[in-house]
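Report on one structure; see the data block that follows.
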Amino acid sequence: MKAGDDTTDILPAAPGPVVKASPKTDGKKADGKVKLLIKGLAPVDVECVEKVDTAHVYSEAGIVYHFMLNQTNLQHNNNKYYMGQLLEDDAAPVYSVWFRWGRVGKTRQHILIPCGSNLQSALAIFTKKFRDKTGNLWAEKKDFIKQPGLYDLIEQDFGVGSLFSFHPLSLQDLTDSVQQEDSKKENVEPLPSKLPPEVMVRITCPNPPSRLSPRFFVFLGVGTMLRHLSLTLIMLICDVKAMERTMREMNYDSRRLPLGKLTPSQINAGYNALNIISLCLDKLEKLRHPPSSDDVPGPKGRPKRVPSCVSESARVRHDLLEACNLFYTRVPHDFGMRIPPLIDTPNAVKLELDLMKSLQDIEVAFNIIHRETRDNSHPADRHYQALKCDINPLSTDDKLLEVCPSVLISFSFSTSILTQIKNCSNQKRFVDGMGSLFNLSQVIKNYVQWTHAPTHSSYDLQVLNVFACNRHGEDKEFRDVGRRYLLWHGSRLTNWMGILGRGLRIAPPEAPCTGYMFGKGIYFADCASKSANYAYASRDRNTGLLALCEVSLGESNELFDADYKADALPAGKQSVMGVGRNTPDPHTWITLPDGVVVPCGRLIEAKLSQPTSLLYNEYVVYRYNQVRLRYLVQLRFNFKY
């Protein structure tokens, strides 16, 4: 019998008949949404239709009798889970044990074991199953050790905040909320069954369309203290459904490990597994290019016989396979009926690192929401306050400077422009005529358009909104080491709540360094489209966000090829610059009054002292306090093909 074979389990005898549940849709809406009824410290599994409305998950002394297990085995094409819950009826001390298991993508199997009033029998069934599947005792699950061939325990956070406080702020949820309240009242005007197109621009429209119920607009922002554009941004980055959709696209299985129940230790375990995979790939690469016997000195200078690499390669490949099994077990993936792919290239490692980064930011986002003040304010206001980051739309009237010759000369423009300013008889009129240079919003728009790389030709970028950002406490932490540049950083929409709330961070020690071109650091670009690619926009979801950060580069170590150990900076260097073949034209760079350089210029061919493997410049710092978030730019990606 194979360890973990679910078809041969023998359950201990229990009072009453065993009830085998068949797959049903109870507990689910027609659109596939799952309605969780929260009682106690964990939700009853919605598939347990006999108990979901009449029982709760048993807990004692803060211990929740619920487990979710996971096992992936590439050799045998296994990608399965096992769930267990000890249930107690709401009306009386009557107990039952619920198990559900199966392969991802297949019809789930489940069983409900009634135990009557015999709590000890229910505990025995529950704990025995946990021991059989994991090789660990339930009483010692805090010190859980993964056993070969058995299931791994997925840690889940059942904090009340993760279940109640995160409002996705999506249009359908807001509509449902209004309709639910209306159902309790009499003679209330119903909401339209199909919402008109005006609702899609509900926040930016100053006057609500008259044919929509005023009650609806209370949920759309009338009841919030936020400015309309700031509210739009909060709704964009706080959409839980968008987070779940993005994770599904990256093959993450949020059913087995919901996003709101992620723990830092679970994420670190995923990073650890990826690090093992990366080390295996490094060993295989070295084995592909072994030293010849002539290169290895033996006794008395004679050439030493080099042992065959075949057996060593086979051993490392086996280790790689086990490491992939470990990663997929620690970080559940849904590949349907497909065999989980072997993570056997640096690019495959990079894709999984992107997933881990997103999970890390989402975990931070949920933790931010957990700390919200519980009151009757608008959900968007609570989310905004929890971020501890001031976000204000940048007006087209915001100027870089007052019209004063001494201030004008402090800016770094081309010589021809400075000459015209000096010789102009009416300097105010000249500056007004050159508003595109002196208006901060326009400077940022120019920075986007001028640094759109010719190789990124599948889309155009349109600036929708620009927000000035000030993260609380970031100014105090900021360390100025010189050469402050305003540079781009791109990321998925799902990551921005975590970024705004915690700031840009460096990958943890558990992460492999080989997934990063210049080691583990915070990456920036002076080419807008290079950073925009990391927003991963699509035709269906063509909105993205880019940050403009003040980055104190100090003295940069210039590199022309990838170096995974670049974070070990030489003495006197505070950053790395990956030198590209194309660079913004320095003649149109601007230096802001506070000394920050904006390298906004059309891309030109750089004059290099040696060949480079990079098309565009890349900047990396290895201390988070060399970065200060200044602006957030909302973009529309207009795809051409």
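Could you tell me which residue of segment 546-569 is surrounded by the fewest Cβ atoms within 10 Å (Cβ to Cβ), considering only residues that are part of a loop (DSSP other than H, G, I, E, B) and among the hydrophobic types (A, V, I, L, M, F, W, C)? Show your work before the answer.
From segment 546-569, those part of a loop (DSSP other than H, G, I, E, B) are 553-555, 560-569; that's our starting set.
Next, from what is left, pick out any that are among the hydrophobic types (A, V, I, L, M, F, W, C): 553, 560, 562, 566, 568-569.
Working: Leu553: 22, Phe560: 17, Ala562: 15, Ala566: 23, Ala568: 9, Leu569: 19.
Taking the candidates together, the pick is Ala568.
Within segment 79-91, is there a residue that is within 24 Å of Leu150 (Cβ to Cβ) and of a type in the set (D, E, K, R)? Among the residues of segment 79-91, at least one is within 24 Å of Leu150 (Cβ to Cβ) and of a type in the set (D, E, K, R), which makes the answer yes.
Quick grid of which residues meet (1) touching a Phe, Trp or Tyr at 6+ places or on another chain (Cβ under 7 Å); (2) polar (S, T, N, Q); (3) at pLDDT 75 or above:
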{"residue": "Gln266", "(1), (2), (3)": "no, yes, yes"}
{"residue": "Leu287", "(1), (2), (3)": "no, no, yes"}
{"residue": "Pro291", "(1), (2), (3)": "no, no, no"}
{"residue": "Arg302", "(1), (2), (3)": "no, no, no"}
{"residue": "Asp334", "(1), (2), (3)": "no, no, yes"}
{"residue": "Thr345", "(1), (2), (3)": "no, yes, yes"}
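Could you grab me the full set of residues in segment 51-73 that are surrounded by fewer than 18 Cβ atoms within 10 Å (Cβ to Cβ) and free of Cβ contacts under 8 Å to residues at least 60 places away in the same chain?
To start, the set of residues in segment 51-73 that are surrounded by fewer than 18 Cβ atoms within 10 Å (Cβ to Cβ) comprises 53-54, 59-64.
Residues satisfying the conditions are Asp53, Thr54, Ser59, Glu60, Ala61, Gly62, Ile63.
Scanning segment 313-329 for residues that are over 12 Å from Ile277 (Cα atoms) and among the small types (Gly, Ala, Ser) yields a count of 2. Would you confirm whether any residue within segment 402-424 is at pLDDT below 90, in a loop (DSSP other than H, G, I, E, B) and among the charged types (D, E, K, R)? Within segment 402-424 (the criterion being at pLDDT below 90, in a loop (DSSP other than H, G, I, E, B) and among the charged types (D, E, K, R)), the answer is yes, since at least one residue qualifies. Look at Arg484 and say whether it is over 19 Å from Cys527 (Cα atoms), buried (at least 16 other Cβ atoms within 10 Å of the Cβ), basic (Lys, Arg) and at pLDDT 90 or above. No; evaluated as a whole, the condition is false for this residue. Checking the structure you have, find out if any residue of segment 595-612 is within 16 Å of Asn557 (Cα to Cα), surrounded by 14 or more Cβ atoms within 10 Å (Cβ to Cβ) and out of contact with any Gly (no Cβ under 6 Å at 6 or more places or on another chain). Looking through segment 595-612, at least one residue is within 16 Å of Asn557 (Cα to Cα), surrounded by 14 or more Cβ atoms within 10 Å (Cβ to Cβ) and out of contact with any Gly (no Cβ under 6 Å at 6 or more places or on another chain). Residues in segment 533-563 that are farther than 18 Å from Met250 by Cβ, touching a Gly at 6+ places or on another chain (Cβ under 7 Å) and hydroxyl-bearing (Ser, Thr, Tyr): Ser552 alone.
Of the strands (runs of 3 or more DSSP E) lying entirely inside segment 74-178, not one contains at least 1 residues that are outside the structural domain of Cys48 (by TED's automatic domain parsing) and either surrounded by fewer than 18 Cβ atoms within 10 Å (Cβ to Cβ) or modelled with pLDDT of 95 or more (or both). On inspection, Ser538 qualifies as hydroxyl-bearing (Ser, Thr, Tyr) and exposed (fewer than 15 other Cβ atoms within 10 Å of the Cβ).
Being in a helix (DSSP H, G or I) and not hydrophobic (A, V, I, L, M, F, W, C) is the filter here, so list the residues in segment 272-289 that pass it.
In the first step, residues of segment 272-289 are kept if they are in a helix (DSSP H, G or I); the result is 272-288.
Once the filter is applied, which keeps residues that are in a helix (DSSP H, G or I) and not hydrophobic (A, V, I, L, M, F, W, C), segment 272-289 yields Asn272, Asn275, Ser278, Asp282, Lys283, Glu285, Lys286, Arg288.
I'd like to know if segment 110-121 contains one or more residues that are closer than 26 Å to Ala273 by Cα and touching a residue at least 12 places away in the same chain (Cβ under 8 Å). No, segment 110-121 has no match at all.
The values are calculated or read from the model by the stated rules, or taken from the named source; none is laboratory data. As the structure is a prediction and not an experimental result, all values here were calculated from the model. Because the Cβ atoms are built from the backbone with ideal geometry, glycine has one as well, and the counts that use them run over all protein chains shown.
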